[in-house]
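See below for the structure under consideration.
The values are calculated or read from the model by the stated rules, or taken from the named source; none is laboratory data. Note that the coordinates shown come from a computational prediction; the quantities given were computed from them, not determined experimentally. Cβ sites come from the backbone with ideal geometry, for glycine too, and all protein chains shown count toward neighbours.
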Amino acid sequence: MDGFIIIDKEKDFTSFDVCNKIRHKFFTSHVGHTGTLDPNATGVLVVSLGKGCKTLNLLEEHDKSYLCTIEFGKSYDTIDPTGKLVSESFKEIDIEALKKAVDKVALKESQIPPKYSALKIKGKRAYDLAREGKDFEIKERPAHVYEARIESQLKKIDNCYYVDIYLKVSKGFYIRSFVRDVAEELGVDANMFNLRRLSSGIFKIENSKKLNDITEDDIIPIAKVFSYLPHVELKEYLLPLIKNGVQLDSRQTTIDSPFVAVINGKEIAIYKPGKNKGTYSIEVLL
């Protein structure tokens, strides 16, 4: 059982919870995922099965898009309502000032990840250090916003304001950090009230299913997922060699990206550039 499933993750499930349920559902131990979603977040979680797990590094480079609801008026140590409330400041929010703040933060080429994150600091998860009350620093990291736009009117409920923002971002981008930085620009308290992932690379929310609704028919074959890669037709004599994991070189192709090896019109394997220039290492047999 090899391939991928697009899960519409529900709230209160960790990414590990979803993988664990898939293991039991399909009686397989080889399950992975790309792009962790916090328990409080919903939406696209790509789960791999069997040989699909070997190709996760090819998927993780893809951009992601989200719909984020920001709540202005309350700040939590985790930058979302799952954490400890640390301050409140019920100030009026101006839509034009908000647009300027969003645009300014979106232009940044780096960000500081939240302290409550899975990043490792000297071998320990940042969120574990934060929960222990340890003092530590997280360095700024490259991050890119490809698109950011306000998707709703400002809504005032009780003393808080709420707004929906669409974001298309690079790998490793933290939406909570974006919310924190927008709040700092405005000089107000805020948190990531809701987050829904709409896409992860080629995987879209409209093609996803709730965990309980998934069946074997929903498993997408590896070859179909990577159909966008260049296809390189190879000589038939290479078939047994490829099945034994042979490395290819410039005698077969000079392509400078991952590709699908094809023999007699059939996809055989996925290759990627090797450590040495002009060589290609097998990623997975199809």
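Tabulated values for the structure
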{"quantity": "Members of region 170-212 found to be surrounded by fewer than 20 Cβ atoms within 10 Å (Cβ to Cβ), of a type in the set (Asp, Glu) and in a loop (DSSP other than H, G, I, E, B), listed by number", "calculated": "none"}
{"quantity": "Residue in region 158-166 that is in the same structural domain as Val18 (by TED's automatic domain parsing), out of contact with any Asp or Glu (no Cβ under 7 Å at 6 or more places or on another chain) and part of a strand (DSSP E or B) present", "calculated": "no"}
{"quantity": "Complete set of residues in region 137-155 that are assigned to a strand (DSSP E or B) and without any contact (Cβ under 8 Å) to a residue 12 or more places away in the chain", "calculated": "Lys155"}
{"quantity": "Of all residues making up region 23-50, the number that are more than 14 Å from Ile175 (Cα to Cα), surrounded by fewer than 22 Cβ atoms within 10 Å (Cβ to Cβ), out of contact with any Lys or Arg (no Cβ under 8 Å at 6 or more places or on another chain) and of a type in the set (S, T, N, Q)", "calculated": "1"}
{"quantity": "Region 68-119, residues that are of a type in the set (Ser, Thr, Tyr) and more than 22 Å from the chain's Cα centre (by Cα)", "calculated": "Ser75, Tyr76, Ser87, Ser89"}
{"quantity": "Residue satisfying all of: in region 74-98; surrounded by 14 or more Cβ atoms within 10 Å (Cβ to Cβ) and charged (D, E, K, R); nearest to Asp158 (Cα to Cα) among these", "calculated": "Lys74"}
{"quantity": "Residues satisfying the stated conditions in region 158-172, i.e. of a type outside the set (Ser, Thr, Tyr) and at pLDDT below 95", "calculated": "Asp158, Asn159, Lys171, Gly172"}
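Here's the yes/no breakdown for (1) within 19 Å of Ile220 (Cα to Cα); (2) among the aliphatic types (A, V, I, L, M); (3) in contact with a helix residue (DSSP H, G or I) (Cβ under 6 Å, 6 or more places away or on another chain); (4) at pLDDT 90 or above:
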| site | (1), (2), (3), (4) |
| --- | --- |
| Arg23 | yes, no, no, yes |
| Thr34 | yes, no, yes, no |
| Asp38 | no, no, no, no |
| Leu49 | yes, yes, no, yes |
| Glu60 | yes, no, no, no |
| Lys64 | no, no, no, yes |
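For every residue, the table says whether it meets (1) of a type in the set (Lys, Arg); (2) part of a loop (DSSP other than H, G, I, E, B); (3) touching a strand residue (DSSP E or B) at 6+ places or on another chain (Cβ under 7 Å).
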position: Asp217; (1), (2), (3): no, no, no
position: Lys224; (1), (2), (3): yes, no, no
position: Pro240; (1), (2), (3): no, no, no
position: Ile255; (1), (2), (3): no, yes, yes
position: Ala261; (1), (2), (3): no, no, yes
position: Asn276; (1), (2), (3): no, yes, no
position: Glu283; (1), (2), (3): no, no, yes
